[in-house]
Amino acid sequence: MSAPALTLPDRANVEILKKEARDLHRAFQAGAVDAIDRIVTYLPRASSLALEASADQLTAFDLSRQESQHALACSYGCNKWEELLDTVRVQDLDTLEHLSDRSIQIAMREVDQLDLVRVLPTLSEKSKARFYCNMSERVQDFIKTEVSLLGEADEEEVAQATARVRGQLVELGRQGWMKWEDPGADRSGPAIVDLLAEERFVHMGRPLLEASESELAETLYHIAEQARVAGILSLQSLVGGAPTLLTEAVQYIVDGTEPDLVQDLVETRGATILRHRTVRGQMAIEGWMSIQSLDNPAIVRTKLETYFRDTPGKLMVSEGRVVLDDLLARLRESPLMSMSDEDWSVFYADLATIARREGIEALEPLLELVDDDEVLTAGLKATITDHLSAPQILAVMKDSVQDVRVRLKRREAMVIAGLAGIQMGHKPQDLVEAARKAAVEAGQRVYDAGYPHPAA
């Protein structure tokens, strides 16, 4: 015989559970078979006790109150008494003000957002404040707007939403995620500090291709470290700098976005970056192959404009005499990859002008200033430094485009794996190892797919 599992009553509370534990203890001492069965089922040291044990045997067994509580907790599907108490506490939503910041953040991530919008207005002011102070500023604005737009919700809908929220919180409590603070704890929410001012986050605002994988791994390590010590919401200041794929991804987890959705959003953003870099890579190939063939500058510009114009534009040439120093000054002010498509095409037309007038070798000083464009750099070196043939130059530049694709996909995979680990509370070192493994696998997939057509 094995004692059946119990189901928590709808409005269970701590006092009711304490009474149940006392009743179980008394019933066991009185020799009730059901009580003995429950103790035997959930208490290892009682496994040899007979269900029809005598009064003397039961007295000799000396069941403690703590053991009765443990058996009752296991009957309700919890691992220990404290976990059962946490499970029932969350049924009273107005006690949520006493939850830890981390527990509230977990709760908001797991609870359906529309249900939260319906339930929030029904909570005490203290409980509402605890929820809001554990949201990012962006989510606060969104939720408050939703609450305002919803207005006075239907009572039945509110009741159903409350039941669903209570059920989800109970399950989180059963899993051990709901932790309660000391009565005197500060409940103003997690402190937000300027993390971008710290040396350990120096690479946070750099585009993915500008930071090495080691630097990205180091940054992910410190992000995970910060989240474990002070909670995910403490990462909010990291998104205040230059917008990059990494800062966007951190914003998603600060907002409490589901891990699967974070991955989808990062992959979508990564795909946009990849398309841009692939097209720019193809433009670099088109432009440089035309330049090293000494094509007319107007033709070079027109070729590149086909990548971003629906209709052919008028053949144009640069006004005035183009000199290399002007181009170098232009690059110092605005790196190549930050230029618009229009400025890009003009730049290549100007390169063609100088190449036709002074020879390809005159463009060698560009090597120091176009390193943000790996494809053009590869073409310059192959042409001017290595003196390769046109087919060889083309092959080198295509390989460079593929290398950019590989590097972007590897870093994207690192970001996704790293942030997933942060959301799941993994140790920083374990998280970094998972990110590095994801990078290797992502890079291999790109290599296996081969060099894509630019329209792909």
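Give a residue-ordered list of calculated ³J(HN,Hα) values for region 55-62 (Karplus: 6.51 cos²θ - 1.76 cosθ + 1.60, θ = phi - 60°; whole Hz; x for Gly, Pro).
4, 5, 5, 5, 5, 5, 5, 6
For a quick check of your reading of the filter: which chymotrypsin sites (Phe, Trp or Tyr not before Pro) in region 296-399 sit in a DSSP loop and have no more than 14 other Cβ atoms within 10 Å?
F308
Tally Lys and Arg at +1 and Asp and Glu at -1 over the other residues with C-beta under 14 Å from the C-beta of Y348: what net charge comes out?
-3
So how far apart, in nm, are the two label points at A329 and R65 if each is 7 Å from Cα heading toward Cβ?
Once both label points are built, they end up 8.7 nm from each other.
Find, to one decimal place in angstroms, the Kirkwood hydrodynamic radius of the chain, where the mean of 1/r is taken over every pair of different Cα atoms and then inverted.
27.1
What is the calculated FRET efficiency for E52 to K19, with r their C-beta to C-beta distance and R₀ = 25 Å, to the nearest 0.05?
Result of the calculation: an efficiency of 0.40.
With +1 on each Lys and Arg Cβ and -1 on each Asp and Glu Cβ, and nothing else charged, work out how big the dipole of the chain is about its Cα centre, in Debye to the nearest 20.
Charge dipole, the chain, about its Cα centre: 500 debye, nearest 20.
Can you give me the long-range amide H partners of K179? Hydrogens built in the peptide plane at 1.01 Å from N, cutoff under 5 Å, separation of 5 or more residues or another chain.
Under 5 Å from the amide H of K179 lie the amide H atoms of S100, S103, each far enough along the sequence or on another chain.
Under the 0.36 nm per residue contour assumption, what length would be gained going from the current alpha-carbon distance of R26 and T162 to full extension?
So the extension gain works out to 45.4 nm.
For region 100-174, what is the charge dipole size about the Cα centre, in debye to the nearest 20, if Lys and Arg each add +1 at the Cβ and Asp and Glu each add -1 at the Cβ?
440
With a ≥ b ≥ c the root eigenvalues of the C-alpha gyration tensor of region 100-174, is it rounded (a/c under 1.5), prolate (a/b larger than b/c) or oblate?
Here region 100-174 falls in the oblate category.
I'd like the distance between the alpha-carbon centres of region 45-71 and region 205-277, rounded to an integer number of Å.
Rounded to whole Å, the Cα centres lie 55 Å apart.
Within the chain, how many Lys pairs sit with Cα atoms under 22 Å apart, leaving out pairs fewer than 8 places apart on the same chain?
Qualifying lysine pairs in the chain: 15.
With unit charges on the beta carbon (Lys/Arg positive, Asp/Glu negative), name the residue among P243, I285, T145 whose Cα is farthest towards the positive pole of the charge dipole of the chain.
The residue sitting farthest along the positive end of the dipole is I285.
Which one, S212, G256, T59, is farthest towards the positive end of the dipole of the chain when Lys and Arg carry +1 and Asp and Glu -1 on their Cβ?
Going by the charge dipole, the pick is T59.
Only the coordinates and a few stated rules stand behind these numbers; no lab work does. Since the structure is predicted, the reported quantities are computational estimates derived from the model, not experimental observations. Ideal geometry is used to build each Cβ from the backbone, glycine not excepted, and the neighbour counts take in all protein chains shown.
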